[in-house]
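Inspection log for the structure reproduced underneath, given as structure tokens.
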Amino acid sequence: MAKRIFSGIKPSGSLTIGNYIGAIRNWLDFQDEYEAVFCVVDMHAITVPQDPKTLNKRTIEIAKIYLASGIDPKKSAIFVQSQVAEHAELAWILNTVARVSDLDKMTQFKDKSQKNGRESAGVGLYDYPVLMAADILLYDAEKVPVGEDQVQHVELARTLAKRFNNNFGETFVIPEPFVKKSGMRIRGLDDPTKKMDKSSSSEYNYIALLDDAESVRRKIKKAVTDSGSEIIYSEEKPALKNLINIHSFFSEKSPKDIEKMYAGKGYGEFKNDLAEIVVSFLKDFQQKYNSYSDEEVIKILKEGAEKARLIAEKKMQEVKKKVGFII
Ligand code: AMP
Ligand code: TRP
């Protein structure tokens with residue numbers, strides 16, 4: 001059996017350079033060695049309220065971003081989660097394996113339910129990690145490339161896979177999270193204690209992959225910096241460290257070299273250069289993005305779903321047999 005990887009992003013906002021650096025960029029390296037399955041996880045998106053028209057548009061937008069990033073539909077399957085019904089089906093069965101105590105540990109739920117209180121949080125939001133486990137286990141994925149914040153969810157998928165295998169016999173491959181070192185967490189431009197987040201309420205938190213050049217310049221200019229004026233890469237200067245990380249990713253220079261380049265220079269010059277580096281990356285990126293029509297993408301997604309379904313259906317048959325369902 002081919003070694004497989006699975007990953008996905010939910011269409012709940014406009015993807016940021018954080019998503020690119022922390023997730024998508026790392027997926028590309030797997031395409032040749034692994035059978036790669038990349039999903040737009042719309043069923044995860046609706047665990048918080050979404051405007052249906054916007055959700056629809058964003059689902060296609062994310063698929064286009066996958067393609068513009070270099071994911072090749074000839075090598076990898078690109079598809080939409082809700083188009084392969086087995087995801088929901090397996091999630092239900094895994095719900096009977098997961099415990100309340102497993103889900104009570106999940107920090108993402110704690111964070112996301114904080115705003116309005118646990119009591120009014122949706123059951124779907126609470127159950128989110130079980131659906132994610134279903135995504136992964138359905139494809140016998142060995143590796144799951146994600147950003148640091150998703151590692152806990154992949155750990156849960158491991159736990160559920162082991163528990164299921166114990167209860168019903170060997171069925172699932174135990175997946176491993178894959179977090180690349182350079183796939184570090186990119187912080188919010190307005191607040192380095194938080195991650196850069198596509199769902200942030202302030203547009204000054206993030207740079208979207210589809211931002212125009214003027215917005216990028218404006219946002220970087222406004223980005224918070226730490227006290228002092230020197231360009232130093234240190235834990236004590238988290239805002240600057242974050243900006244240097246972004247510079248380093250796009251310029252392919254080490255933080256140490258960047259420090260040297262800006263010795264004796266101030267934040268202004270550093271920020272100007274950073275903005276131009278990002279603008280230049282986004283220009284090429286958006287050119288590729290715009291080269292795909294919606295119709296073309298919908299067709300690619302349909303073919304991707306067909307590929308994915310072949311794997312998912314087979315696995316579901318096995319799971320159903322194991323739990324004693326008549327098939
Ligand atoms: P999300 O935007 O939270 O739906 O995350 C989608 C994927 O991008 C996950 O693998 C995240 O870990 C990754 N990701 C999201 N935001 C960041 C960030 N600021 N820095 C690094 N990775 C991120
Ligand atoms: N929960 C992930 C995120 O917010 C998205 C996701 C859903 C996912 N299913 C997945 C990631 C399966 C990896 C594998 O980023």
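Computed from the coordinates by the stated procedures, all read-outs in this text should not be read as laboratory data. Computed from a prediction, not measured in an experiment: that's the story for all the values here. Because the Cβ atoms are built from the backbone with ideal geometry, glycine has one as well, and the counts that use them run over all protein chains shown.
Sequence-ordered 3J(HN,Hα) estimates for region 18-35 from the Karplus curve with 6.51, -1.76 and 1.60 and θ = phi - 60° stand at x, 4, 5, 5, x, 10, 4, 4, 6, 6, 4, 5, 8, 4, 7, 7, 10, 7 Hz, glycine and proline given as x. Separation of region 127-170 from region 271-327 is 19 Å, based on Cα centroids.
Provide, for q = 0.17, 0.23 Å⁻¹, the log10 of I(q)/I(0) from a solvent-free Debye sum over equal Cα point scatterers in region 217-321. Rounded to two decimals, the profile gives -0.78, -1.20. The trypsin sites (Lys or Arg not before Pro) found in region 287-327 include none that occupy coil by DSSP while having at most 11 further C-beta atoms within 10 Å. Cross-link partners of residue 221 among lysines, defined as those whose alpha carbon lies under 22 angstrom from its own and excluding same-chain residues fewer than eight positions apart: 194, 195, 198, 237, 241, 253, 260, 265, 271, 283. Whole-percent P(r), region 175-250, all Cα pairs, 10 Å bins from 0: 18, 49, 27, 5, 1. Take the convex hull of the alpha carbons in region 39-88; its mean projected area over all directions comes to 3.8 nm². Over every Cα atom in region 142-271, the radius of gyration and the widest Cα-Cα span, Dmax, amount to 19.2, 65 Å. Rounded to the nearest 20 debye, the dipole magnitude of the chain is 280 debye, with +1 charges on Lys and Arg beta carbons, -1 on Asp and Glu beta carbons, and the Cα centre as origin. Semi-axes of the equivalent ellipsoid of the chain are 36, 22, 18 Å, computed as sqrt(5λ) over the eigenvalues of the C-alpha gyration tensor in descending order.
Helical runs assigned H by DSSP (4 residues or longer) give the chain a calculated mean residue ellipticity at 222 nm of -16000 deg cm²/dmol, each run adding -39500 (n - 2.57) before division by the residue total.
Among the GluC sites (Glu not before Pro) within region 132-216, which fall in a DSSP loop and have no more than 13 other Cβ atoms within 10 Å of their own Cβ?
Filter output for region 132-216: 170.
Derived from the Cα gyration tensor, the three semi-axes of the equivalent ellipsoid of region 114-171 are 25, 15, 9 Å, largest first. Lysine pairs in region 1-94 whose alpha-carbon atoms fall under 26 angstrom of each other, counting only those eight or more residues apart or on distinct chains, come to 13.
With the convex hull constructed from alpha-carbon coordinates only, region 1-159 shows a mean projected area of 9.4 nm² over all directions. Within region 118-222, the trypsin sites (Lys or Arg not before Pro) that combine a DSSP coil assignment with at most 12 other C-beta atoms in a 10 angstrom radius are 181. Charge dipole of region 1-46 (Cα centre as origin; +1 on each Lys and Arg Cβ, -1 on each Asp and Glu Cβ, all else neutral): 140 debye, rounded to the nearest 20.
Helices in the chain that qualify as membrane-span-like (whole DSSP H runs, Cα extent of at least 15 Å along the helix axis, mean Kyte-Doolittle hydropathy of -1.0 or higher) are 52-69, 123-138, 151-168, 238-251, 267-290, 294-323.
The GNM of the chain, with springs linking C-alpha atoms under 10 angstrom apart, assigns the highest mean-square fluctuation among 212, 135, 190 to 212.
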